[in-house]
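Before any comments, here is the structure.
The values are calculated or read from the model by the stated rules, or taken from the named source; none is laboratory data. In this text, all values refer to a predicted model and were calculated from it rather than measured experimentally. Note: ideal-geometry Cβ built from the backbone for every residue, glycine included; neighbour counts use all protein chains shown. The area values use the complete protein model at the heavy-atom level, side chains included, leaving out ligands, DNA and RNA. Shrake-Rupley method; radii C 1.70, N 1.55, O 1.52, S 1.80 Å.
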Amino acid sequence: MKALRSVAAVGAATLLLGACGDDQGGASARLADGKTFTMALAGDPGNLDPHFTSLSVTGQVDRFLYDSLLGFAPDGKLLPALAEKWQATTTTATFTLRKGITCADGSPLTPATVAANITFVGDVKNGSSRVGTYVPAGAKATADEAAGTVTVTSPTPDAFLDRNLGGLPIVCDKGMKNRGSLKQGADGTGMFTLTEAVANDHYTLTRRKEYAWGPGDWEAGRPGLPDKVVLRIIPNEATTANLVLSGEVNVARLTGPDGQRLRGDGYQRRDVLAPSGEMLFNQKSGLLTADAAVRRALVQSLDLTPLRQVYTSGQGSAPTGLVAPAMTPCKGDTVTGTLPAFDAAGGKATLETARNGKPLSLTLVYPTSGSAGTPAAAELMQQQWTAAGVQVQLKPISEAQVGQIVSGELAWDVALFPITVTLPSQLVSYVSGPTPPQGTNFAFIDNKDYTTAVAAAQKLPGDSGCPQWLAAEKALLQQLDLVPFANSNVPLYARGATVELSDGDVDPTSIRMLG
C-alpha cells in the first residue's frame, strides 16, 4: 500500500513511499538519444488514478504520468517542481506555481486545478486513498490566478504539511471532471503520456518533447532522454533477471538470489532499505485477532529471527522502526525490547485458553509479487502456528487484491505485507481513524495511546515532534497492531541506462540512456 506511496504505499515491495540508496557500481558510456527505456514491474498497477490507489507499483507508474508540487532529492531534500517556491506552518501552506506548465493535451495547468485536486482529496466523502497521507482530512485549498498561488488550510495540524501536500500527484482539469478516464488512462503534466495499456502485460509511454518543468534545476534538452518507455509486468524474478542480462529490460528490482547475477561492471545498482517484513492483524469486531491477548500469543509462537532470514533470503536485518530508515526524520529504535520474545509454550497455552474447546482458524494473506521469500515465510508461520494449535489457511493474493484489502472488500485475518512510509505522519491514516469504506484503517486499529501521541506530535513542526512520533510508534508495537520483523534491501539494477531514485521510485526525469 507512499503504503498501501506507496500504503503511503501498501504493497508487495513498498507502500506508495520508499527510501533512497547509494550507487553500488555503474557503467560509464556515452549517452544516447531517442532510445526506448524498458522497466520490469513485479505486478500490474491496476487502477491508474493517482488519487485512488495505495499500491507502490501504481505509484511508480504514475510517476511517469503526473507531477507533484514538490520534488524530492535522493537525500530527501525538498525541491521545486510544479511549485517554484512555498511556505508552510503546521496548518497552512502556500505554493507559487511555475509558469508555462501544460497538461498532456496542451492546456495550461492553473492554480484553480491544483486547488481542486487538494480539496477533492481532502474531502472524505470522495473516498480518496490519499486523504490523511498527502492531504489532511477536511483540508481545503483556494487559488489566486493573478498571483499564481494555491493556499491550503488544514483543520488539524500536520507536522510535515508542506512535504505531504507537495507529494500529491496533480491531475489536470479534464481528468478531475472525468475520473473514470483515469483508471486505464491519464491526464497529467508528467514527462510522459500513456499510449498503450495492456493489463498484466505492458504499458507503453511516449515522452513529451515540450516538457521543461522537472524537479530542481532540471532542464529540457538534456542528452540521453528516452523517447519511449515500456513498463513490462514480469512477476517471476528469474525471468526478470534473464531479461536484464539479455538487454531486453533496462531496470528491475530483485529481492531474491537472482539479483546476484546482475552485479559487476556494466550494471548500476541502487539500494533501497525499507521495513519490508511486517504483519498486521485484522481487528474487526468479532474476529479472533481483535483480542490483544490472542495477538500476543500468536507473536510469541513465532520465532522472528528465522522468519526474517527466510523472508529476506538471508539478506535482511532486524528492524528498528516503522519508517524507511534512510528517510525518517526521527531516528530511534522502537522495536528492540518491545515485541514479545519467542515462547512457543507460553503462546500455545494462551491460545489453548482462547480456544475454549473450539477450533481456532486464521486466513493468512500474502502478495504473490512480494519478496521472493514471502511464500516460504508464510509457510513457516503456518507451521509454527499449527504447532500452537491454530489452523492456518494460506491465501496468496495479487497486487489488485492488496488494494481490495485496503478498501475492505476482501476477508482476511493476518496480512503479510508492509506499509512503507518515509514520514511517520504518512502512517496515521492506515493505523487509526475511519475504517473502510470511509477510510483506509483497513486493520480496524483503535489504539488510544497512539492517537494521543500523534495528536501531540502533529502540533510540532518537522522533527521537533520526534519524541512524540517515536512514542506513537511504540504504542502500536506494544499492542501488536503492526509487527515488523525484517528490514530488506530491495536493490534496483540498471543496464543500458542510469537512473536516480526519489522517495524509493525511479525518477523519470533522471533516466539517461547509454550508447
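Conditions: (1) small (Gly, Ala, Ser); (2) open to solvent by less than 10 Å² (accessible area, probe 1.4 Å); (3) more than 20 Å from the chain's Cα centre (by Cα). Gly190 meets all but one. Number of the miss? The failed condition is (3).
Residue pairs whose Cβ atoms lie under 9 Å apart, separated by 6 or more positions or on different chains, with the first residue in the stretch 104-116 and on the phi > 0 side of the Ramachandran plot and the second surrounded by fewer than 21 Cβ atoms within 10 Å (Cβ to Cβ), are Gly106/Glu210. Note on the stretch 32-64: residues that are among the small types (Gly, Ala, Ser) and assigned to a loop (DSSP other than H, G, I, E, B) total 6. Within the stretch 206-229, not a single residue is closer than 30 Å to Gln404 by Cα, modelled with pLDDT of 95 or more, part of a loop (DSSP other than H, G, I, E, B) and touching a helix residue (DSSP H, G or I) at 6+ places or on another chain (Cβ under 8 Å). Does Asp162 meet the test of being of a type in the set (Asp, Glu) and open to solvent by less than 50 Å² (accessible area, probe 1.4 Å)? Taking the combined requirement at face value, the residue satisfies it. Just so you know, in the stretch 302-337 the residues that are touching a helix residue (DSSP H, G or I) at 6+ places or on another chain (Cβ under 6 Å), assigned to a loop (DSSP other than H, G, I, E, B) and not small (Gly, Ala, Ser) include one that is nearest to Gly389 (Cα to Cα), and it is Leu302. Which residue is most open to solvent (accessible area, probe 1.4 Å), if the candidates are limited to the stretch 354-380 and must be closer than 21 Å to Asp481 by Cα and of a type in the set (Val, Ile, Thr)? Ranking the candidates gives Thr363 first.
Results for (1) within 24 Å of the chain's Cα centre (by Cα); (2) modelled with pLDDT of 95 or more; (3) under 23 Å from Gly43 (Cβ atoms), shown as yes or no for each residue.
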| position | (1), (2), (3) |
| --- | --- |
| Glu352 | no, no, no |
| Val390 | no, yes, no |
| Pro396 | yes, yes, yes |
| Gln401 | yes, no, yes |
| Ile405 | yes, no, yes |
| Glu409 | yes, no, yes |
| Asp413 | yes, yes, yes |
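With a requirement of 3 or more residues that are of a type in the set (Ser, Thr, Tyr) and either within 30 Å of Ile511 (Cβ to Cβ) or open to solvent by 30 Å² or more (accessible area, probe 1.4 Å) (or both), the strands (runs of 3 or more DSSP E) lying completely within the stretch 65-146 that satisfy it span 92-97. Among the residues of the stretch 260-284, which ones are more than 22 Å from the chain's Cα centre (by Cα) and of a type outside the set (Phe, Trp, Tyr)? Result: Gln260, Arg261, Leu262, Arg263, Gly264, Asp265, Gly266, Gln268, Gln283, Lys284. The set of residues from the stretch 309-353 being aliphatic (A, V, I, L, M) and open to solvent by less than 20 Å² (accessible area, probe 1.4 Å) comprises Leu322, Val323, Ala324, Val335, Leu351.
Note on the stretch 19-77: residues that are at pLDDT 85 or above and closer than 17 Å to Gly496 by Cβ amount to 11. Considering the conditions (1) at pLDDT 95 or above; (2) out of contact with any Phe, Trp or Tyr (no Cβ under 9 Å at 6 or more places or on another chain), Val114 is excluded by exactly one of them, (2).
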